[in-house]
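Q: Below you will find the structure I want to go over with you.
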Amino acid sequence: MTDLVLENVHKNFGGVVASNDVSMRVPAGRITGLIGPNGAGKTTLINLITGMLSLSSGKVLFGGHDISAEPADRVARAGMGRTFQNIRLQKEASVLANVMIGFHRHETCSLIAAILGLPSSRREDALLRQKAMALLGRFGMAGDADSPAGSLAYGHQRKVEMMRALATDPDLILLDEPVAGMNDVEALQLGRIFRELADEGKAILLIEHNMRFVQELCDHVYVLDGGRLIAEGTPRDVVADPAVITAYLGEE
Amino acid sequence: MDTLLSFRPLFDLFLIHLGFAYSQYIVLRAGAFSIGNVGLSAIGAYTAAILTVNYGLPLPVTLLAGALAGLAFGTLLAIPLARLRGVYQAIASLAFVQIVLSANLYAENVTGGAMGFSGIPKLVGTGTLLVFALGTIYVMLAISRSRLGRAFDAVREDEGMAVSLGINAARTQAIAYMISGLLAGLFGSLEALHSYAVEPNQFGFHLIIVILSYVVLGGRRSVWGPLVGVALLIALPEISRPLADARIMIYGLILMVVMNFMPRGIVDTLVARRARRRSRAANPEVRQAEVKG
Amino acid sequence: MFLQQIINGLVIGGVYALFALGFTLIFGIHKIMNLAHGGIFMTGAFIGLYSVQAGLPLWLAFILAMVGAGLVSVIIEVTAFRRLRQSGEVEFSALISSIGANLVLVSIAQILSKTQVLRFPFDTFPVVIFKVWGLRVSALQLAMAVLAILLVAGLSWYLYRTGFGRQVRAVAQNERAALLAGIRPSVIYFQTFMLSGMLAGAAGVLVGLAFNSIHFMMGDPFLLRGFVVVILGGLGSVAGALVASLGFGVLQTLSVAYLSSRLSDIIIFGLLFAVLLLRPHGLFGRDEAGVLRGRR
């Protein structure tokens, strides 16, 4: 089982503490929520976990291995997939191509085969095409396979990002505001998929603003404010926590 | 037949420059803005010329040596350039080309200095050039639809996104530099063994601009982009021959007009237009994203 | 002797600065690499020369050259860049479009000059040499230095002390925000391209006088050196371009005087390469792109 564990993760930019001694656990088979008002340091934390930023101190353990100093591409290859808050797709490329790039870490054909267009490269290409189409089917987007990703509606672009993350076959998925810009029906559909993924044994870390979505879906929630954890527990407990209420009301 | 034959030098030029254009294309495709390939072509050309004239080595050996020299220097170039981005990468690679040029002038006793290196036997004809050019196009197409092409596209479009998918950006670009170096060295060698003489200034700022124009004008993403760019810009001076003095002006105006009206280059703009039309036909309702821009 | 070379280098560096400042201004503010800058510089030299040949006094010719080159620069902005800016695909297409514009300018000059190297009439600038503490400084060098200082000071005053300058800098920092604040982009572009062209035009006349040689290809080597200076200084940094220009002028003069001119290029470009590796954004540049690549 591949759990993600943060031990006293600390980050300061110059003198500004962006992440203050954060310890948390994202277990496999569960959906863990991370919430907090704007500027609470959620994105910084994600960047620290995924290897986009280096830690000032503390440790990130993934499946028991210390990945605190690993570069981002190796963190990804260790089995961590993610989506981005500000959708990052290849806008000109087709939806299919966007999803196919996710399989990269599992591609086996040799460089020479790819350069010379040998049969092994072509076979792999055809196989990945099929697998990508299967993913598209799961998300109900098979009809959009050839559309340029940038031409899709916002919610659909988020789905493409998710499919791409899933194509890497991760043990842990970090979803950064996955249902922003979606209606309730779409959000519900996605929620069902997330639950399936957790049931398959993947760890899911959900960063979300939509409190209703978090309450319905998460098994355990961490609340971040000003770079430090101010509460954790079941969604029900957390919502009732006075510190959390103050943090959210204080923002308004 | 005579008129056809008279176009042969032009066709040869087209084939050689096609190779140069693809050596430029492949690094741009991988999101590296290096123009060092021109310096690598110079290295390949001089390697082939010196091995042929001074050591009398046979054609296959000299071509291989030229290509490998390009590959080797291309690989070396990849290491420092990986630290840089965008225009800074371009300027550092421009500095590399200038260093190759000046070193060439300085090492007069080996390279012939400013006078150039002459007396090279013409061992390469249209047939050989055609074989290598077609081979290059085939390889480009193969790369394009392989994992390597997908990795190039991802790194070019968004490096942060690419690494989040487990792609090692520096390594991916290094592969592009190596392929670029190989092509640059190979076609540099072909150029040397085709045109009797090489001189340093033939591989300078001017050639950089010409090659960059081919690729950007034709299109930097589609494999057919460089082909269209080279064909157009090589044919243009011939077509406008009657205009004599104004030829350079026409060339300049064409660059301006095409870029203004097809900013992604001819082929890529057409491809994008077609994709947009098709997706609109498939999904007639107006998409939110398009309204937002 | 050594001091003499330093002075010669500083004077040349001052002229490089005029050329480079216009180039870096456009990049810093609009993120456009204007490769037609060499052509604009050459146009300035031609206008200056033709004005003198038409019998106008040198000071008037100098002003005409500046204004003329400024206008040419503005025309290039409208014809080569305006549409591209709106399409959002600026980086590469603007590069090639400006190469096209450069070729048009070069071609016109080639036709006008019939591919000849042109010279100012002999007595255009009085040949007077001052001797101070054993150093020789010509009146022309003095004039070049004074003009370079005046123009750079004028540019700084404009950018940092006037309301227009404040608007220009606002656009440089965040174009979209500036537009929302009601700044009209066409006004800003007109100003920056005009200024950039005027500086290039001034540099053109001064270089034409100093080397007494004006021809249609004279922009190319300056463009190459302009790149070096601008990158060393950090793209978009006015102070950086100034310091790098002076340093470059001195370095070049010294290496030509004490080494061979061939080694000079190897040294200069090797240095450029090395500096970029140690400081990937130039000596005075900042990493404004903020590309998130991840730790390694």
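Q: By what distance, in whole Å, do the Cα atoms of segment A:52-197 stretch along each of the three principal axes, largest value first?
A: Its Cα atoms span 46, 45, 27 Å along the three principal axes.
Q: On to the next question. If all Cα-Cα distances of segment B:108-233 are sorted into 10 Å bins from 0 onward, what percent lands in each bin, rounded to whole numbers?
A: Values per bin, smallest distances first: 11, 32, 34, 17, 6, 0.
Q: What's the total accessible area buried between chains B and C, using a 1.4 Å probe, rounded to the nearest 100 Å²?
A: 4400
Q: Follow-up. Semi-axes of chain A's equivalent ellipsoid from the Cα gyration tensor, sqrt of 5 times each eigenvalue, largest first, rounded to whole Å?
A: They are 33, 22, 16 Å, listed largest first.
Q: Sticking with this structure for a sec: Using Cα pairs under 8 angstrom and six or more residues apart, how large is the relative contact order of segment B:2-292, in percent?
A: Relative CO of segment B:2-292 lands at 30 percent.
Q: If you find the alpha carbon centre of segment C:262-282 and of segment A:108-167, how far apart are they in angstrom?
A: Segment C:262-282 and segment A:108-167 have Cα centres separated by 43 Å.
Q: How big is the dipole moment of the protein assembly as shown about its Cα centre under a simple scheme where the beta carbon of each Lys and Arg is +1, that of each Asp and Glu is -1, and everything else is neutral? Debye, nearest 20, please.
A: 1000
Q: How many percent of the alpha carbon pairs in the protein assembly as shown exceed a separation of 53 Å?
A: Within the protein assembly as shown, distances greater than 53 Å cover 20 percent of Cα pairs.
Q: Based only on Cα atoms, what Rg/Rh ratio does chain C have, Rh being taken as Kirkwood's radius?
A: Result for chain C is an Rg/Rh of 0.97.
Q: In Å and on Cα atoms, what radius of gyration and Dmax does segment A:1-118 show?
A: Expressed in Å, the Cα Rg and Dmax of segment A:1-118 come to 17.1, 54.
Q: How big, on average over all directions, is the shadow cast by the Cα convex hull of segment A:188-252, in nm²?
A: That works out to 4.7 nm², a quarter of the Cα hull's surface.
Q: Run the accessible area of segment C:10-216 with a 1.4 Å probe and give the carbon-and-sulfur part as a rounded percent.
A: 67
Q: Where nothing but the Cβ of Lys and Arg (+1) and of Asp and Glu (-1) is charged, how large is the charge dipole of chain B around its Cα centre, in debye to the nearest 20?
A: 1240
Q: Additional query: For segment C:99-223, place one equal point scatterer on every Cα, skip the solvent, and apply the Debye formula. What is log10 of I(q)/I(0) at q = 0.16, 0.17, 0.18, 0.21 Å⁻¹?
A: Results for segment C:99-223 at q = 0.16, 0.17, 0.18, 0.21 Å⁻¹ read -0.96, -1.01, -1.05, -1.18.
Q: Accessible area per residue for the protein assembly as shown in Å², computed with a 1.4 Å probe and the full protein assembly in place, what is it?
A: Per-residue accessible area for the protein assembly as shown comes out at 41 Å².
Q: Can you tell me the equivalent ellipsoid semi-axes for segment B:2-292? Use √(5λ) from the Cα gyration tensor, largest first, whole Å.
A: The three semi-axes for segment B:2-292 are 33, 24, 17 Å.
Q: Between chains B and A, what is the buried accessible area summed over both chains (1.4 Å probe, protein heavy atoms, nearest 100 Å²)?
A: 3100
Q: Rounding to the nearest 10 and keeping the result within 0 to 90°, find how far the Cα-based axis of helix A:119-138 lies from the longest principal axis of chain A.
A: It works out to around 50 degrees.
Q: List the residues of segment B:72-110 whose backbone N lies under 11 Å from a point placed 7 Å from the Cα of C:SER260 along the Cα-to-Cβ direction.
A: B:103-110
Q: Please report Rg over Rh for segment A:10-78, where both radii come from the alpha carbon positions and Rh follows the Kirkwood definition.
A: A ratio of 0.95.
Q: Which pairs break 27 Å Cα to Cα here: A:LYS42/A:LYS202; B:LYS122/C:LYS114; A:LYS59/A:LYS159?
A: Checking Cα-Cα distances, B:LYS122/C:LYS114; A:LYS59/A:LYS159 exceed 27 Å.
Q: Now for a separate question. If amide hydrogens are placed 1.01 Å from N in the peptide plane, which non-local residues have theirs closer than 5 Å to the one on A:ASP225?
A: The list, which skips near neighbours in sequence, is A:ILE230.
Q: Which net charge results for the neighbourhood of B:SER102, defined as the other residues with beta-carbon distances under 13 angstrom from its beta-carbon, given Lys and Arg at +1 and Asp and Glu at -1?
A: Here the charged neighbours net out to -1.
Q: While we're here: Roughly how many debye, to the nearest 20, is the charge dipole of chain C about its Cα centre, given +1 on each Lys and Arg Cβ, -1 on each Asp and Glu Cβ, and no other charges?
A: 520
Q: Let me ask something else. Could you tell me the distance between the Cα centroids of segment C:172-196 and segment C:107-141, to the nearest Å?
A: That distance is 37 Å.
Q: Give me Rg/Rg_expected for segment C:87-141, where Rg uses Cα atoms only and Rg_expected = 2.2 N^0.38 Å with N residues.
A: Ratio of Cα Rg to 2.2 N^0.38 Å: 2.05.
Q: Within the P(r) computed for segment B:124-166, what percentage of the Cα pairs occupies the region above 17 Å?
A: 49
Q: Work out which residues of segment C:98-144 lose at minimum 40 square angstrom of accessible surface when the other protein chains are put back, relative to the chain isolated, with a 1.4 angstrom probe, and list them by number.
A: Listed in order, they are C:ILE99, C:LEU103, C:VAL104, C:SER107, C:ILE111.
Q: If you don't mind, another one. Excluding residues fewer than 8 places away in the same chain, name every one of the lysines whose C-alpha is closer than 23 Å to that of C:LYS31.
A: Within the straight-line limit of under 23 Å, C:LYS31 reaches these lysines: A:LYS91.
Q: Another question, then. Give me D for segment A:89-167 in µm² s⁻¹, whole number, from Stokes-Einstein with Rh from the Kirkwood sum over alpha-carbon pairs, 20 °C and 1.002 mPa s.
A: 167
Q: Would you please classify the overall shape of segment B:1-134 from the alpha carbon gyration tensor, given that a ≥ b ≥ c denote the square roots of the eigenvalues, rounded means a/c under 1.5, and beyond that prolate means a/b larger than b/c while oblate covers the rest?
A: In terms of gyration-tensor shape, oblate.
Q: Another question, if that's okay. For segment A:131-229, what is the convex hull (Cα atoms) projected area averaged across all directions, in square nanometres?
A: Convex hull of Cα atoms, orientation-averaged projection: 7.1 nm².
Q: Using Cα pairs closer than 8 Å and at least 6 residues apart in sequence, work out the relative contact order for chain C, in percent.
A: 37
The values are calculated or read from the model by the stated rules, or taken from the named source; none is laboratory data. Just so we're clear, the structure is a prediction, and the values are computed from it rather than from any experiment. Note: ideal-geometry Cβ built from the backbone for every residue, glycine included; neighbour counts use all protein chains shown. Heavy atoms of the whole protein, side chains included, go into the accessibility calculation; ligands, DNA and RNA do not. Shrake-Rupley method; radii C 1.70, N 1.55, O 1.52, S 1.80 Å.
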